[in-house]
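The values are calculated or read from the model by the stated rules, or taken from the named source; none is laboratory data. On a predicted model such as this, the values are computed, not experimentally measured, just so you know. No Cβ is skipped: glycine too gets one built from the backbone with ideal geometry, and neighbour counts run over all protein chains shown.
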Ligand code: KG4
Ligand code: ZN
């Protein structure tokens, strides 16, 4: 039997990714070009720089994924591409490339919602039936939703200000962790997880955000403000200038990581209780899927495991490689759409097609 083949393309943020999958979710070929190093050095993503790097690498990345798969464009059943949400300039490069590709090769085009793709990736790795609860935590997003179908998500809560990965990155930058001998190549979140291992979180009892908000939303800006104030106070006490390493970086890292973990766990707990009360999840063995770059944090996973164990929920965290942005998750979402037969556009879709 000939399985349908999908090319997936991702350019929503700072990763140029492409992958070719068959209908069973087997990865036939993939390629990923990360801009993380560049953005780490400049202290954040500059959209025009990200756009330029996508432009420089997209053709090669797609070609590599195709070459490694041994699949010719003729054999593809469809091309799936992230069209939202993300940086408009970055998304534009993937969209333009894809529309030219499908037009040239006469292939159907499947526009993909980046967060839905993150949520569905787990189904490529193991059978997980709808509905399930999903927590997405990355540098750009923070949300809780019930996945009821391939393109049917019930949003329960999202961040009111910034995403947890963004908070960790900003705190790491404020602590000048790139100057730390063990952290010079790590993302902010990784650096904080690493330093927290040797830290005492009880030295800085930061308040967990939104204690009085009876919903499932998130907020991290207030926490970041607490952490920044503490850093400033410590710099004065230690008589050092901003940009130098504090002697208590480990303790601050541990306390920040704990507050982020506690907040994520509390809001997720609320969401589980809400779903149970409303019958939104199966009564028997409901599942929580956690994905996004921040999900690779072991301390945060443990905090979530305490909540899921207490509520009888099955906790699934895909391996880190599948939690971060890549072409694979986009191709998989394309496979899911093909199977369902929804959201598939013709090859000659208007090139002025604007993601909504
Ligand atoms: O999903 P991702 O690769 O990109 C998007 O933001 O879409 O996530 C990157 C984010 C960064 O903010 C990074 O600091 C955070 O995930 N991160 C972590 C860890 N590894 C990456 N945060 C906490 N602990 C980690 N181990
Ligand atoms: Zn992402």
- Task: Just need a number here: residues in segment 245-297 that are on the phi > 0 side of the Ramachandran plot and within 16 Å of ligand 2 (Cβ to nearest atom).
- Result: 1
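One line per residue, one yes/no per condition, for (1) in the same structural domain as residue 167 (by TED's automatic domain parsing); (2) free of Cβ contacts under 8 Å to residues at least 12 places away in the same chain; (3) within 14 Å of ligand 1 (Cβ to nearest atom); (4) touching a strand residue (DSSP E or B) at 6+ places or on another chain (Cβ under 6 Å):
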| residue | (1), (2), (3), (4) |
| --- | --- |
| 247 | yes, yes, no, no |
| 254 | yes, no, yes, no |
| 269 | yes, no, no, no |
| 298 | yes, no, yes, no |
| 303 | yes, no, yes, no |
- Scanning segment 151-174 residue by residue, those surrounded by 18 or more Cβ atoms within 10 Å (Cβ to Cβ) and under 30 Å from residue 340 (Cα atoms) turn out to be 153, 156, 157
- Picked from segment 275-297 (must be surrounded by 12 or more Cβ atoms within 10 Å (Cβ to Cβ) and in a helix (DSSP H, G or I)), the residue farthest from the chain's Cα centre (by Cα) is 276
- Scan of segment 1-19 for residues that are within 17 Å of the chain's Cα centre (by Cα) and either part of a loop (DSSP other than H, G, I, E, B) or within 12 Å of ligand 1 (Cβ to nearest atom) (or both), ordered by number: 10, 11, 12, 13, 14, 15, 17
- Message: Just the residues that are touching a helix residue (DSSP H, G or I) at 6+ places or on another chain (Cβ under 7 Å) and under 28 Å from residue 38 (Cα atoms), please, taken from segment 188-204.
- Response: 188, 189, 191, 192, 193, 195, 196
- Looking for whichever is surrounded by 23 or more Cβ atoms within 10 Å (Cβ to Cβ) and within 16 Å of ligand 2 (Cβ to nearest atom) here; the options are 323, 317. Which one fits? 323
- Given 80, 88, which one is under 23 Å from the mean Cα position of the chain (by Cα) and either surrounded by 15 or more Cβ atoms within 10 Å (Cβ to Cβ) or over 15 Å from residue 55 (Cβ atoms) (or both)? 80
- Message: Residues that are within 17 Å of residue 334 (Cβ to Cβ) and within 16 Å of ligand 2 (Cβ to nearest atom), at least 1 per element: which helices (runs of 4 or more DSSP H) completely within segment 35-133 meet that?
- Response: 88-105, 114-120, 122-125
- Message: Looking only at segment 175-198, filter to residues that are away from ligand 1 (no atom under 14 Å from the Cβ) and part of a loop (DSSP other than H, G, I, E, B); which one of those is surrounded by the most Cβ atoms within 10 Å (Cβ to Cβ)?
- Response: 180
- Query: If you check residue 189 against the conditions, is it within 16 Å of ligand 2 (Cβ to nearest atom) and under 14 Å from residue 167 (Cβ atoms)?
  - Reply: yes
